Amino acid sequence: MKQSFDAKVKSETELKALQLEGLKWTVNHVYEGSQHYKKKFDEAGVKPRDIKTLDDIRRLPFTTSKDLQEGYPFPLQSVPFENIIRIHASSGTTGKRKVLCYTAKDVDDWANMFARCYEYAGCTVEDRIQIAVGYGVWTAGWGFQNGCERFGAMSIPVGPGNLEMQLQFLEDFQTTAMCCTASMGLLMAEEIDRVGLRDKIALKKMIFGSERSSDAMRRRISDLSGVPMEELYDIPGMTELYGPGTGLDCRYHTGIHYWADYFILEILNPETLESVSPGEEGEMVVTTLMKEAAPLIRYRTRDITRLIPGECQCGSVMPRHDRLLGRSDDMFIFRAVNIYPSHIDEIISKSEGVGSEYQIHLFRKESGKDHMLIKVERAKDLIKDREQDKHLRKDIEHAIKKQIMVSCDVEVLDYGELPRSERKTKRVFDTRG
Ligand code: ZN
C-alpha cells in the first residue's frame, strides 16, 4: 500500500482537538524547559494550566524576532544541549542571524511535513527529484532533501546555480521534478527553450521555494519549459518554523494548504494585535504544537496574508492561507485605510499597457488633506501618446478606487524612468510627517 504523509485527522473537529492537545503540551514544555519563556509567561500573568481551550491562546505573550536576537546564539532553547542534534540559521539580512535548534524529533517531524508537500504536489516514489537550492547552514537544501528521502522518491542533490550541470542532469537522469527558486526556474526554462531541450527531457513539475512566483512568471516558465502551469508549485517556509515545507499550494492552486496539525496560524491586525474577521488580511502569527528544541509561542512573522475560507476541491482538511501579500512593516495608512504596497502592485500588474515598476508618493497639501500619487511606467513597446496615457491613468485610478476605496492620482512615465534594483526596491515615499 502506498504510504501517505497526509494528516491523520479527518475533520475540523478532530484537527481542533489535536491542536488543543499540542498547545497544552507546548506551553507546559516551554514553561518547564525555557527560562526565557517562563519569564515572559510570568510577566504576562499566565500559567500553563490557564490554557483550557484553543481561544486561551490569546492569553499567551507574543514572541518576536527581538526574542531571537536576545537569545542569540541559541534562542528559545527549551531542551538540554544533549538533546539537540542540529542547528540551522537564516541568511540574516537585518541584525543578527536567526539561529534555531532542532532535536531528532524536530528533524523527523519536518521530514514528514515536507514529504506531505511532495505528496500534495502529486509526486510518486517513481519521481526523480532534482534539488537546486542551497545546502549548508540554511534550511532549504536539508528540507527538500530529507523530505524527498522520507517520501521515497529519488533525489538528485545538485545545489543552486551551475546551470549547465542542471541541464545535463535533466537530460541524463530524466529528472521529473525540479526544486529551485522561481527565478532559477525561469532561467532554466529559458535555457531549455534556447538549446531546444524540451523533447529530450522528462520534466513534469517544478516546486519553487523561498520566493513566491507571480502569475506572469509562472506563465512564462510554463510556456518555455513545457511544464503545465498547474504543475508549478510554491512552498513557503521560514527558518523559525522548521524551514521550507510547512505548506504547499495543491494542484488546484487556490491558496497554500498549511500543516495545521503541526502549528496554529492566527491572523491578527498588526496594529491592535486582535484577530481579524475570517478572510481578512493581517499578520501571520504562529504557535508550534510539537516542536521541542525551539518552540514558537505566538511568533509574529510580520508576513501579511489572509485565511481562505471554505474547502478546497482536493478535499484536504488542511486549511489554506493566501500567498504572502507583504510585510506588516511595509503597511501604510492613508485616509484611515490600511494599505500594503502589494495591493497596488497587484492592481498595476493586472493593468494593460504599463510596466511592473511603480512608486507610491504620499504627501500633505496645504489644505491639510493627504494625497497619494502613484508613478507608473508606460509598457516597453508602447509609443508615447497623450490620449493613451490618459486612459492608462484613469484605468488605474478607477481600479484603485474600486478595490482599495481610496482616491489617488496616477502619473505615467516613460519606460525605464523609475530606478531599478536587484535588491528590495524602495517604493513608498511618505513625506506627510
Ligand atoms: Zn487543495
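Within the range 349-392, work out how many residues are basic (Lys, Arg), closer than 22 Å to residue 216 by Cα and not in a loop (DSSP other than H, G, I, E, B). Break it down into steps so the answer makes sense when it comes.
Step one: of the range 349-392, the residues basic (Lys, Arg) are 350, 364-365, 369, 375, 378, 380, 384, 386, 390.
Going one step further and asking which of them are closer than 22 Å to residue 216 by Cα, we end up with 350, 375, 378, 380.
Subset that is not in a loop (DSSP other than H, G, I, E, B): 350, 375, 378.
The number of residues fulfilling the criteria is 3.
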Q: Taking the residues in the range 254-271 that are aromatic (Phe, Trp, Tyr) and within 16 Å of the ligand (Cβ to nearest atom) as candidates, determine which candidate is least open to solvent (accessible area, probe 1.4 Å).
A: 259
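Collect the residues in the range 228-248 that are part of a strand (DSSP E or B), open to solvent by 10 Å² or more (accessible area, probe 1.4 Å) and within 16 Å of the ligand (Cβ to nearest atom), keeping them in residue-number order. Steps first, please.
Taking the range 228-248 first, the residues part of a strand (DSSP E or B) are 232-235, 237-238, 243-244, 247-248.
From what's left, open to solvent by 10 Å² or more (accessible area, probe 1.4 Å): 234, 237-238, 244.
Matches in the range 228-248: 234 only.
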Q: Kindly check whether there is at least one residue in the range 26-39 that is open to solvent by 40 Å² or more (accessible area, probe 1.4 Å), assigned by TED's automatic domain parsing to the domain that holds residue 284, in contact (Cβ under 8 Å) with a residue 12 or more places away in the chain and of a type in the set (A, V, I, L, M, F, W, C).
A: no
Q. Of the residues that sit in the range 75-122 and are modelled with pLDDT of 95 or more and of a type in the set (S, T, N, Q), which one is nearest to the ligand (Cβ to nearest atom)?
A. 112
Q. So which residues in the range 375-405 are open to solvent by less than 60 Å² (accessible area, probe 1.4 Å), closer than 13 Å to residue 347 by Cβ and among the aliphatic types (A, V, I, L, M), if there are any at all?
A. 376, 392, 396, 399, 400, 404
Q: Would you list the strands (runs of 3 or more DSSP E) that sit entirely within the range 275-346 and hold 2 or more residues that are within 16 Å of the ligand (Cβ to nearest atom), under 16 Å from the mean Cα position of the chain (by Cα) and small (Gly, Ala, Ser)?
A: none
Q) Taking only pairs six or more apart or across chains, which ones have beta-carbon atoms under 8 Å, a first residue in the range 120-131 that is part of a strand (DSSP E or B) and open to solvent by less than 40 Å² (accessible area, probe 1.4 Å), and a second residue that is within 16 Å of the ligand (Cβ to nearest atom) and among the hydrophobic types (A, V, I, L, M, F, W, C)? A) 129/123
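The values are calculated or read from the model by the stated rules, or taken from the named source; none is laboratory data. These numbers come from a predicted model, not from an experiment. Positions of Cβ are backbone-derived with ideal geometry, glycine not excepted, and every protein chain shown enters the neighbour counts. All accessible areas refer to the heavy atoms of the entire protein, side chains included, with ligands and DNA or RNA removed. Shrake-Rupley method; radii C 1.70, N 1.55, O 1.52, S 1.80 Å.
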